[in-house]
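Q: Mind looking over this structure? Questions follow.
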Amino acid sequence: MDLTQLALSLKYFVPEMVLTGFILVAIIYDLFLKKDQSHRVGFVAILGLLVTLVTLYLQRGLPSTGLFSNMFALDSFASFFKWLVAIGAILVMWMSLDSKELMNRKVGEFYVLILVVVFGMFLLVSATHILSIYLALEMVSLMSYILAGYLKENSRSNEASIKYVIYGAFSSGVMLYGLSLLYGLTGTGYISGIQTQLMTGQASPVLLILIAVLILAGFGYKISAVPFHFWTPDVYEGAPTTITAFLSVAPKAAGFAVLIRFLNVAFTTGDPNSQAWLALPGLNWPVIIAALSALTMTVGNVLAIQQTNIKRMLAYSSIAHAGYMLMGVVVADQTGISAILYYTGVYMLMNLGAFFVAIQIKNLYDTETISDYAGLGFKAPWVGISMAVFMFALAGLPPTAGFVAKFYLFRTLVQFGDGFIWLAVFGLINGVVSLFYYMRVMKAMYFEKMEFAETKTVIPLHFSILMFVLVVPLLVGWMFGDPLSHWTNQAVHFFY
Amino acid sequence: MGAHLLTLVTFVPVIGAIIIVLIPREKLDAIRWTAVAATGIQFIIAFMILGKYNRLNPDIQLIEHYSWIPAFNIEYFMGIDGLSLPMVLLTPFISFLAIFSSWNIPKAQKGYFSLFLLLDAGMMGVFVSLDFFLFYIFWEVMLLPMYFLIGMWGGPKKEYAAIKFFLYTLFGSVLLLLGMLALYFSLEPHTFNLVMLRAAAPAISQTFLLGLNAGKVIFILLFVGFAIKVPIFPFHTWLPLAHVEAPTAISVILAGILLKMGTYGFLRVSFPVLPAATLWFALPLAILGLINIIYGAMAALAQKDLKKMVAYSSINHMGYVLLGMAAMTSAGMNGAVFQMFNHGTITAMLFMLVGVIYDRAHHRDIDGFGGLAAKVPIYAGVVALAWFAGLGLPGLSGFLSEALCFIGAFPVFTWITIFATLGIVLNAAYFLWSYQRMFFGPLNPKYENLAEINKRELWTLVPLAIVVIFLGIYPAPMLDLMSGTLNQLVDYVKTAGITAGF
């Protein structure tokens, strides 16, 4: 790679460079702060992400290009996920600023680490070479391990971190093995090159399936699909809640991005941007993904029913949602991918919302148990109503955007033809099952008696604003022209 | 503004709900009167719609048609015809009166009335939507307020009743959603527009889904979705429980309007869009109607709880609607829709009257009263009127619609109809027997001081009674409204169903 090409690529790398700059600024700024001032780093970090968003905005309309000898791609697909991840990170930092868990400790690194994860995810969603995919994945994972264990003196948090590391190391090892087999088979690391090689049809189907399964283990871990999900509940419960919120949204979205890109470019015949595509002959991965999807949503939903801790419940619910999103991967054509993008966008709002309410409750009443939410609907009406909206959206009930997102996914499956209608039926039945535990939160908040606290709890203003920001798009965002769906329809364009 | 009457009639309650949310919770009267105003205005708009409606034209009128989500060809499409207009009139009428019967609801009135108005909007939306997607959204929107209204203001087992209602109807909705998607994809270009789907009915009957005839598969999916709402045996078990636990006004809404949405769904979607499958399923539908009639009546006869008895009488009465619909004759169809309207008014009276006695005696055990006629003669008189309307006494509206259902069904399903008439006897039996046990005989000494029905309660019942008597003597205005559309529907289903065939 010569220097001119490097310089040319840098032109397209502005958001990442801005982010890197702010990471350095934040680290240095943190050195000058006392312990009780260290949360100020959070403001720098938020500012950094906002500037990054501006540069992302300025990048719109650039043609799809490969960067750094095509190790990374700049395309509308990647940029959609960059937006998502950056906005998610901003919301999480906003929430972290007054989280009680993070009070009275030095939190400078906390924000820096989140910025680094964001940077890693920027790379992950645009990676087009197995090496860059692996490196970006590890970058995200390593930072997440540290963040999950951030409450150093809390044994649950330590346990979370250790579990996360062990599962993560194992699954990335398995994935690396799959990638190396793939490299050995095709002699190239570029996913588009892999596709060209595989199309010659000389590879044995058994080996191909083995490779696919090994690689799926790595991605499945990131999106917490069953049976690679075992870390999820423990990590979600033990990690600081803001980090749990972040982990349940951003790395999952990035994991989906790389999964879709990989499958759609490497394991299909022909142009990934065309409407009609076929799975590689001899490797029927849509069926594998369909089975994974059915398994994931069922296990997630069934196990969520018996949870009493809100964070664990949301952890299993996030597993179930990964299952729903996998339904779109099965039919990874234009409409399918667009449906997944839409779902990730909506899922970010509703899931972050649910976690933020959990954080606020933890701040106010120091509890994470669902039955302790009794009477919340009366003690703090706006928090109650917000939580109700998030629960209904997660359950996929109209008129929330959660319904529309699910609708688009089911629509894709039904449209695909008879082959996967069974999966749609499965998904719908799962939707009914999931209602049971989402409604339990409702029931606690509104139906159960509490020692009627005559005084209403005072909710900090900025929290109310945050709830408003999350609730309004969920309720009415899709009714007026559905801007998100326009965006997602345009975002399905790969550079390969 | 004249052009947007249907939008207005749907969303006026939503505006009311928003205003109520903004009123401080101490100002109880302001909250109540806002609810009264919202439903009252809705009622007035419904009358304006009636004024604009041309009853000689059987087609859809007062159309509002805009593109909504163009990417998926989803439309904001509203309109009414002779099938929906009776329901559009019924909904605000019952809602308006039900506001008065919930005047003294005990707690969290702000939440109660705003949810009530949302429920009202959802129901109205279902009756005016002509785009299946829009229809479905309203169908679901109604669920949540209902869940809270039963779960928060209901009786002792309210939570169980609320969740059972919710899960049952949600399960139905899920099948409805699947059927809706299958319909959507059966046509090129994909559409949810019910008018276009109806025009394409023959084509849908010729496609295949999972190796089976698409028409039949979709019909069954929609059937279960709608049947749970009606409710048709064996999907009825949520109903008695929900009714018993719900507060009076909510029972009134539930039986008066919500149940009609099931049969309305059949007539609005299943029948016109899947005529061949409808003819194929007509006999099973009639048999299910018969089961509803006999089973509902028998179960009502066995009840000790007055409200449960009335709840089972709803199952019984909806059976007549099913029988009339299934017959696919002009008389049967008109009878069915007329019965939907009449059952709405009559059952509203029944539930309100149960509420009146429950407010005073704090129980609903039929055998726990006795001899009340001497103590509360006005109440006894009104109950007699409602009970007679319920058992289909000639001269009251229920008689005419039931008779029409039977007349329509007899030539087609002779034996079924003959057995169904047995239901009438049982129907009379449970009403008369319960009346006798409550009002005749020696006065139960516990009720020496039972208070007579008060003015507010009486005035919520009088309008209903007037409608019941008026339509019982002179049904022509109502039948004129709907017969054009319904006769056209019958002809259409028959011809299209036979040509499409299987």
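Q: Return the total of residues in region A:21-38 being under 25 Å from the mean Cα position of the chain (by Cα) and buried (at least 16 other Cβ atoms within 10 Å of the Cβ).
A: Adding up the residues that qualify gives 3.
Q: Pairs, please: C-beta under 8 Å, at least 6 apart or cross-chain, first residue at pLDDT 85 or above and in region B:16-35, second part of a loop (DSSP other than H, G, I, E, B)?
A: B:Ala30/B:Ile23; B:Ile31/B:Ile23; B:Ile31/B:Arg25; B:Arg32/B:Trp103; B:Thr34/B:Ile23
Q: If you take the residues in region A:425-452 that are at the interface with chain B (Cβ under 7 Å from one of its Cβ atoms) and in contact (Cβ under 8 Å) with a residue 24 or more places away in the chain, which one is farthest from A:Ala393 (Cα to Cα)?
A: Across region A:425-452, the extreme among qualifying residues is A:Tyr446.
Q: Still on this structure, please answer the following. Could you tell me which of the residues B:Arg360, B:Arg268 is closer than 30 Å to B:Ala199 by Cβ and either touching a strand residue (DSSP E or B) at 6+ places or on another chain (Cβ under 9 Å) or basic (Lys, Arg) (or both)?
A: B:Arg268
Q: Also, I was wondering about something else. Taking the conditions exactly as written (farther than 19 Å from B:Ala386 by Cβ, modelled with pLDDT of 85 or more, outside any loop (DSSP other than H, G, I, E, B) and hydroxyl-bearing (Ser, Thr, Tyr)), does B:Thr485 satisfy them or not?
A: When the stated conditions are applied, B:Thr485 passes them.
Q: Looking at this structure, is A:Ile209 surrounded by fewer than 18 Cβ atoms within 10 Å (Cβ to Cβ) and of a type in the set (A, V, I, L, M)?
A: Values: surrounded by fewer than 18 Cβ atoms within 10 Å (Cβ to Cβ): yes; of a type in the set (A, V, I, L, M): yes.
Against the criterion (surrounded by fewer than 18 Cβ atoms within 10 Å (Cβ to Cβ) and of a type in the set (A, V, I, L, M)), A:Ile209 qualifies.
Q: Now, a different point. In region A:481-496, which residues are over 21 Å from the mean Cα position of the chain (by Cα) and surrounded by 20 or more Cβ atoms within 10 Å (Cβ to Cβ)?
A: A:Asp482, A:Phe495, A:Tyr496
Q: In contact with a Phe, Trp or Tyr (Cβ under 6 Å, 6 or more places away or on another chain), closer than 24 Å to A:Val226 by Cα and surrounded by fewer than 20 Cβ atoms within 10 Å (Cβ to Cβ): is that true of A:Val165 in this structure?
A: Yes, satisfied.
Q: Please go through region B:261-292 and give me each residue that is touching a Ser or Thr at 6+ places or on another chain (Cβ under 9 Å) and within 29 Å of B:Pro92 (Cβ to Cβ), ordered by number.
A: Across region B:261-292, the qualifying residues are B:Tyr264, B:Phe266, B:Arg268, B:Ser270, B:Phe271, B:Pro272.
Q: Report, by residue number, each residue of region A:368-387 that is among the hydrophobic types (A, V, I, L, M, F, W, C) and surrounded by fewer than 23 Cβ atoms within 10 Å (Cβ to Cβ).
A: Hits for region A:368-387 are A:Ile370, A:Ala374, A:Phe378, A:Trp382, A:Ile385.
Q: Somewhere in region B:292-305, is a residue crowded, with 24+ Cβ neighbours inside 10 Å and of a type in the set (D, E, K, R)?
A: Among the residues of region B:292-305, not one is crowded, with 24+ Cβ neighbours inside 10 Å and of a type in the set (D, E, K, R), which makes the answer no.
Q: Now a separate question. I need the full set of residues from region A:75-117 which are outside any helix (DSSP H, G or I), crowded, with 21+ Cβ neighbours inside 10 Å and among the hydrophobic types (A, V, I, L, M, F, W, C), in order please.
A: Answer for region A:75-117, where residues must be outside any helix (DSSP H, G or I), crowded, with 21+ Cβ neighbours inside 10 Å and among the hydrophobic types (A, V, I, L, M, F, W, C): just A:Val107.
Q: Now for a separate question. Examine region A:86-93 for a residue that is touching a helix residue (DSSP H, G or I) at 6+ places or on another chain (Cβ under 7 Å) and over 20 Å from A:Ile359 (Cβ atoms), and state whether such a residue exists.
A: Yes, region A:86-93 contains at least one residue that is touching a helix residue (DSSP H, G or I) at 6+ places or on another chain (Cβ under 7 Å) and over 20 Å from A:Ile359 (Cβ atoms).
Q: Does A:Val18 count as outside any loop (DSSP other than H, G, I, E, B), surrounded by 15 or more Cβ atoms within 10 Å (Cβ to Cβ), touching a residue at least 40 places away in the same chain (Cβ under 8 Å) and β-branched (Val, Ile, Thr)?
A: Values: outside any loop (DSSP other than H, G, I, E, B): yes; surrounded by 15 or more Cβ atoms within 10 Å (Cβ to Cβ): yes; touching a residue at least 40 places away in the same chain (Cβ under 8 Å): no; β-branched (Val, Ile, Thr): yes.
No.
Q: Could you please find all residues in region B:185-221 being within 14 Å of chain A (Cβ to nearest Cβ), under 25 Å from B:His65 (Cα atoms) and not hydroxyl-bearing (Ser, Thr, Tyr)?
A: B:Phe185, B:Leu187, B:Glu188, B:Pro189, B:His190, B:Phe192
Q: Please go through region B:159-169 and pick out each residue that is facing chain A (nearest Cβ under 8 Å) and surrounded by fewer than 21 Cβ atoms within 10 Å (Cβ to Cβ).
A: Hits for region B:159-169 are B:Glu159, B:Leu167.
Q: Given (1) at the interface with chain B (Cβ under 10 Å from one of its Cβ atoms); (2) in contact (Cβ under 8 Å) with a residue 60 or more places away in the chain, identify the lone condition not met by A:Phe390.
A: Failed condition: (1).
Q: Here is a follow-up. Of (1) within 16 Å of A:Met143 (Cα to Cα); (2) of a type in the set (Gly, Ala, Ser); (3) in contact with a helix residue (DSSP H, G or I) (Cβ under 8 Å, 6 or more places away or on another chain), A:Ala169 satisfies all except one. Which?
A: Result: A:Ala169 fails condition (3) only.
Q: Here is a follow-up. Among the numbered criteria (1) closer than 25 Å to A:Ala127 by Cβ; (2) assigned to a loop (DSSP other than H, G, I, E, B), which one does A:Gln202 miss?
A: Every listed condition holds for A:Gln202 apart from (1).
Q: Ok, one more. Of the residues A:Thr232, A:Thr200, A:Thr196, only one is hydroxyl-bearing (Ser, Thr, Tyr), buried (at least 16 other Cβ atoms within 10 Å of the Cβ) and not assigned by TED's automatic domain parsing to the domain that holds A:Leu341; which?
A: Selected residue: A:Thr232, the only one of A:Thr232, A:Thr200, A:Thr196 that is hydroxyl-bearing (Ser, Thr, Tyr), buried (at least 16 other Cβ atoms within 10 Å of the Cβ) and not assigned by TED's automatic domain parsing to the domain that holds A:Leu341.
Q: What pairs can you find where one residue is in region A:476-496 and over 17 Å from A:Phe407 (Cα atoms), the other is buried (at least 20 other Cβ atoms within 10 Å of the Cβ) and at pLDDT below 75, and their Cβ atoms are less than 6 Å apart, with a gap of 6+ or different chains?
A: Hits for this filter: A:Phe494/A:Pro272; A:Tyr496/A:Pro272.
Q: Give region A:467-480 a look and list any residue that's surrounded by 14 or more Cβ atoms within 10 Å (Cβ to Cβ) and within 11 Å of another protein chain (Cβ to nearest Cβ), or say none.
A: A:Trp478, A:Met479
Q: Scanning region B:139-158 for residues that are within 9 Å of chain A (Cβ to nearest Cβ) and of a type outside the set (D, E, K, R), which turns out farthest from the chain's Cα centre (by Cα)?
A: B:Met152
The values are calculated or read from the model by the stated rules, or taken from the named source; none is laboratory data. Just so it is clear, the model here is predicted, and its values are computed rather than measured. When we count neighbours, we look across all protein chains shown, and the Cβ atoms used for this are built from the backbone with ideal geometry, even at glycine.
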